[in-house]
Amino acid sequence: MDTAIAFDGLTVSRGGAVVLDAITARVPRGSITGLLGPSGCGKTTLMRVAVGAQRITSGTTTVLGRPAGARPLRSEVGYVTQSPAVYSDLTVDQNVQYFAAMYPARRATAAADVGDAIAAVGLDRLRSRPVDRLSGGQRSRVSIACALVARPRLLVLDEPTVGLDPVLRAELWERFTSLADSGTTLLVSSHVMDEAAHCARLILLREGRLVGDLTPAELLGRTGAGNLDDAFLALIRSQEAHS
Ligand SMILES: Nc1ncnc2c1ncn2[C@@H]1O[C@H](COP(=O)(O)OP(=O)(O)O)[C@@H](O)[C@H]1O
Ligand SMILES: [Mg+2]
């Protein structure tokens with residue numbers, strides 16, 4: 001496996017509690033890895049480690065061959081936080097332009113990149129609309145376009161489909177898939193297990209512990225469950241029985 005992110009024995013404490021406990025897992029390059037588990041299991045914390053925004057207690061995290069948070073990674077890694085971080089008084093276009101301007105090395109191509117990023121999230125027709133006149137789901141997509149404009153090799157998306165209607169959710173997963181097909185690595189979190197079906201690989205967490213680092217097919221095969229939801233449950237139960 002050609003690895004984009006390697007978590008090795010990663011332990012993180014927040015507010016005096018261990019929130020990630022000796023996590024060892026791999027994110028392969030050029031495909032979608034799903035980070036799944038119930039609310040509070042540590043998904044956002046693990047993503048923060050990957051982008052270099054979270055202090056590590058012990059263990060290591062290597063991203064594109066460098067320690068997580070290393071300076072050269074800044075232009076290689078895009079991070080979309082759980083709540084959309086966009087300027088509500090600016091238009092869609094202006095928001096994406098603003099983020100494009102933060103990558104001066106790419107300025108020559110910035111205008112084309114802005115259009116491509118907006119098209120990639122399906123907001124072409126709303127380019128000149130101020131963000132405060134968009135729906136929540138549209139706003140999330142502006143946030144994703146802002147990350148896309150830098151053409152990161154690794155895109156970390158924290159629960160990007162929460163609150164979206166099923167049609168938009170399906171569209172967004174299609175876009176993630178085409179990004180992966182063109183070589184981008186994606187790490188996408190969700191607390192909804194059925195989204196695992198869109199992922200090439202899964203990192204499953206529960207209460208700060210790794211439950212599985214495997215493909216959806218392996219998850220189904222190992223548990224004999226009929227769907228991914230039941231499979232996750234079966235995996236947790238079998239681990240509890242053995243501990
Ligand atoms: N700023 C913080 N200070 C202390 N504990 C935190 C902080 N943020 C999150 N936590 C705790 O860390 C654990 C994991 O949280 P988080 O990574 O946000 O989970 P998830 O994204 O899966 O919902 C939770 O128990 C949460 O209460
Ligand atoms: Mg979270």
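In a DSSP loop and with at most 11 other Cβ atoms within 10 Å, there are no GluC sites (Glu not before Pro) in segment 183-225.
For the chain, with all protein chains in place and a probe radius of 1.4 Å, 49% of the accessible heavy-atom surface sits on carbon or sulfur.
Cα centroid separation, segment 1-43 to segment 164-236: 14 Å. If a spin label sat at a point 7 angstrom from the Cα of ARG237 along the line to its beta carbon, the backbone N atoms of segment 206-229 nearer than 13 Å would be those of 223-227, 229. Run the numbers on segment 70-208 and let me know its relative contact order in percent, using alpha-carbon pairs under 8 Å that are six or more apart. Reported as a whole number, the value is 29 percent. Straightening the chain between ALA170 and ASP132 buys 11.3 nm, computed as 0.36 nm per residue apart minus the Cα-Cα spacing.
Using a basic spin-label model with each label point 7 Å from the Cα along Cα→Cβ, how many nm lie between ALA225 and SER13? Going from the ALA225 label point to the SER13 one covers 3.3 nm.
Taking the Cα centre of the chain as reference, the dipole from Cβ charges on Lys and Arg (+1) and Asp and Glu (-1) amounts to some 740 debye. Each Lys or Arg adds one and each Asp or Glu subtracts one; over the other residues with Cβ under 11 Å from the Cβ of GLN94, this totals 0. A cut-off under 14 angstrom between Cβ atoms defines the neighbours of GLY69, and their net charge, with Lys, Arg +1 and Asp, Glu -1, is +4. Any idea what the relative contact order of segment 84-151 is, in percent, if you count C-alpha pairs under 8 Å spaced at least 6 apart? Relative contact order of segment 84-151: 49 percent. As a calculated quantity, the FRET efficiency between GLU218 and LEU90 at R0 = 41 Å, using C-beta atoms, amounts to about 0.40. Springs between Cα atoms under 10 Å define the GNM used for the chain, and in it the highest mean-square fluctuation of GLY163, GLY15, GLY42 occurs at GLY15. For GLU159, the shell of other residues with beta-carbons less than 11 Å away shows a net charge of -1, using +1 for Lys and Arg and -1 for Asp and Glu.
The values are calculated or read from the model by the stated rules, or taken from the named source; none is laboratory data. Treat the numbers as computed from the prediction; the structure is a model and nothing was measured. FYI the Cβ positions are ideal-geometry reconstructions off the backbone, even for glycines, and counts take in every protein chain you see. The accessibility values were calculated without ligands, DNA or RNA, using every heavy atom of the protein model including side chains. Shrake-Rupley method; radii C 1.70, N 1.55, O 1.52, S 1.80 Å.
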